[in-house]
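What follows is a short report on a single structure.
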Amino acid sequence: MDNSLDNALLAHCAKQYGTPLYVYDFQSITTQFEAFKNAFKARKSLICYALKANSNLSIINHLAKLGSGADCVSIGEVRRAIMAGIPKYKIIYSGVGKRDEEIREALMSDILFLNVESRAELERIESIAKDLGVVARISVRVNPNIDAKTHPYISTGLHENKFGVDIQSAKQMYIFAKNSPHIEPIGIHFHIGSQLTDLDPIKQGAKKIAELTHSLLALRIDIRFFDVGGGVGIRYTDEREISLYDYAQVILDALRGLDVTIICEPGRYIVGKSGVLVSSVLYEKDNGHKRFVIVDAAMNDLMRPALYDAIHTIQIVQKDGVICQDSQETSPQSISTQAFSQADVVGAICESSDFLAKNVELPPLAHGDIIAFANAGAYGYSMAHTYNTRARAPEVGVLDNKDFLIKPADRFETMVADELEILEKRRGLAVDSLESGR
């Protein structure tokens with residue numbers, strides 16, 4: 001792991017807070033953010049952390065202190081960004097489907113700009129801005145029709161994807177915006193996908209959108225922000241990570257002759273490698289054909305394996321009450337003499353898709369042994385849910401070798417409180433109705 005979350009610390013956190021449990025290394029988050037920031041230090045730039053990767057307020061606040069902006073894809077994320085201390089002039093609001101009340105709130109919040117994904121949305125923004133008596137700052141998300149060479153569920157830059165508009169439609173939208181007294185087009189945006197490990201699609205996309213920017217400037221449309229989106233991948237297994245220097249050079253080369261502020265929207269790159277999901281073994285099961293290791297985490301805690309067939313390598317934190325010494329290996333040296341065999345690591349949810357790892361080599365494991373799933377800081381807790389009325393896990397931060405709770409586990413009483421309040425009212429109404437009918 002590229003962080004300081006060693007096995008002794010994870011075992012301590014498991015004992016202190018219980019499992020399943022998310023643990024994040026805040027120093028690693030700092031390192032990743034500053035690496036991105038430094039890659040573009042030669043040009044005007046703004047790093048807007050993508051909240052969808054992990055929207056915990058303490059993490060956002062930590063990044064705010066480092067000078068981060070925020071890329072938001074819901075009005076709830078906009079609220080989180082403001083609440084956590086991100087300045088409003090560093091907040092971008094994207095997303096395909098914005099409701100009128102969400103557009104209204106974003107405009108009243110006076111954030112940097114809204115990323116527009118369709119002509120129909122642009123017209124709604126104009127109408128709402130007119131009603132409010134404000135000028136809406138906008139950027140258009142352009143779909144460059146480029147294959148990002150990533151998982152189809154996280155590819156966003158092809159015409160078959162729902163995101164953005166084609167180049168010709170974008171031109172027409174910018175002309176419409178320029179001629180409207182209620183809209184100010186100040187940016188241009190593209191984002192071709194997530195978990196990108198190939199520079200070529202990024203290079204192609206940047207060049208296409210830079211050419212469009214030149215043509216817009218020729219039409220006296222004052223584009224000041226060039227938003228390259230996010231999507232830079234991390235190493236989960238054997239992926240080759242993109243060099244941030246090379247990434248920056250590709251963008252800078254495409255922007256020759258353009259005096260614009262570069263906006264980047266990294267999410268996974270900032271927090272992905274900084275977090276782990278810690279889980280305890282409940283028991284093993286062998287049906288004669290397959291070995292299963294059943295743990296107290298499940299797909300509601302970490303959706304990525306079930307959703308994308310994603311792989312999160314497993315480190316054994318504690319076995320037979322003994323903390324393993326080598327946290328950097330999937331199979332720690334302290335247990336290398338054990339007989340390993342293939343197993344599926346599964347949770348307790350009543351779905352066959354509830355797995356966290358498949359066909360991984362593991363030693364015999366027993367009740368109470370502790371394992372951790374690496375690279376779970378992004379799209380882990382933020383995609384967690386309460387299916388089967390399972391409580392979402394607590395989240396813990398670590399900084400300067402000190403651990404601190406940043407979100408407690410869901411409480412059953414809180415999970416059902418609003419439903420119970422409604423049910424009790426309905427019961428009361430039913431009793432009143434019954435008594436009045438006597």
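A simple spin-label model places the labels of Asp418 and Leu132 2.4 nm from each other, with each point 7 Å out along Cα-to-Cβ. Close amide H pairs (under 5 Å, H built 1.01 Å from N) link Leu21 with Val278, residues at least 5 positions away or on another chain.
Given a cut-off of 24 Å, name the pairs among Lys15/Lys290; Lys52/Lys319; Lys15/Lys407; Lys37/Lys203 whose C-alpha atoms lie farther apart than that in the structure shown. List each step's numbers first, then the result.
Numbers: Lys15/Lys290 31 Å; Lys52/Lys319 34 Å; Lys15/Lys407 16 Å; Lys37/Lys203 19 Å.
The answer is Lys15/Lys290; Lys52/Lys319.
Charge dipole (Cα centre; +1 on Lys/Arg Cβ, -1 on Asp/Glu Cβ; no other charges) of the range 1-122 amounts to roughly 320 debye. For Phe225, nonlocal amide neighbours, meaning residues 5 or more places apart or on other chains whose placed amide H falls under 5 Å from its own, are Gly187, Ile188, Thr261. The modelled label-to-label distance for the pair Lys15/Asp222, using points 7 Å beyond Cα in the direction of Cβ, is 6.2 nm.
Axis angle, to the nearest 10 degrees, between helix 119-132 and the longest C-alpha principal axis of the chain: 80 degrees. Counting heavy atoms of the protein chains alone, His385 has an accessible area of about 50 Å² for a 1.4 Å probe. Lysines within cross-link reach of Lys88: Cα-Cα under 17 Å, excluding same-chain residues under 8 positions apart? Cα-Cα hits under 17 Å: Lys65.
Here the Karplus curve 6.51 cos²θ - 1.76 cosθ + 1.60, taken at θ = phi - 60°, turns the phi angles of the range 33-45 into couplings of 5, 5, 4, 5, 4, 5, 5, 10, 5, 6, 10, 4, 8 Hz, with x standing for Gly and Pro.
Between Gly67 and any residue 5 or more places off or on another chain, the built amide H atoms are never under 5 Å apart. Residue by residue, the range 254-260 carries 3J(HN,Hα) couplings of 5, 9, 4, x, 10, 9, 10 Hz when phi is fed to the Karplus relation 6.51 cos²θ - 1.76 cosθ + 1.60 (θ = phi - 60°); x denotes Gly or Pro.
For the range 408-422, backbone phi angles converted through the Karplus equation (6.51, -1.76, 1.60; θ = phi - 60°) give residue-by-residue couplings of x, 5, 4, 9, 4, 4, 6, 4, 10, 4, 5, 5, 5, 4, 5 Hz, Gly and Pro being listed as x. Under the rule of -39500 (n - 2.57) per DSSP H run of 4 or more residues, summed and divided by the residues of the chain, what mean residue ellipticity at 222 nm is obtained, to the nearest 500 deg cm²/dmol? After summing the helix terms and dividing by the residues of the chain, the value is -10000 deg cm²/dmol. Spin-label model, Asp286 to Leu252: label points 7 Å out along the Cα-to-beta-carbon direction sit 5.8 nm apart. Lys358: which aspartates and glutamates have alpha carbons under 19 Å from its alpha carbon, excluding same-chain residues fewer than 8 sequence positions away? Cα-Cα hits under 19 Å: Asp238, Glu239, Glu284, Asp286, Asp296, Asp301, Asp309, Glu329, Asp344, Asp369.
The values are calculated or read from the model by the stated rules, or taken from the named source; none is laboratory data. Keep in mind that what you see is a predicted model, and the values were worked out from it rather than measured. Positions of Cβ are backbone-derived with ideal geometry, glycine not excepted, and every protein chain shown enters the neighbour counts. Quick note on the areas: whole protein, heavy atoms, side chains included, nothing else; ligands and nucleic acids left out. Shrake-Rupley method; radii C 1.70, N 1.55, O 1.52, S 1.80 Å.
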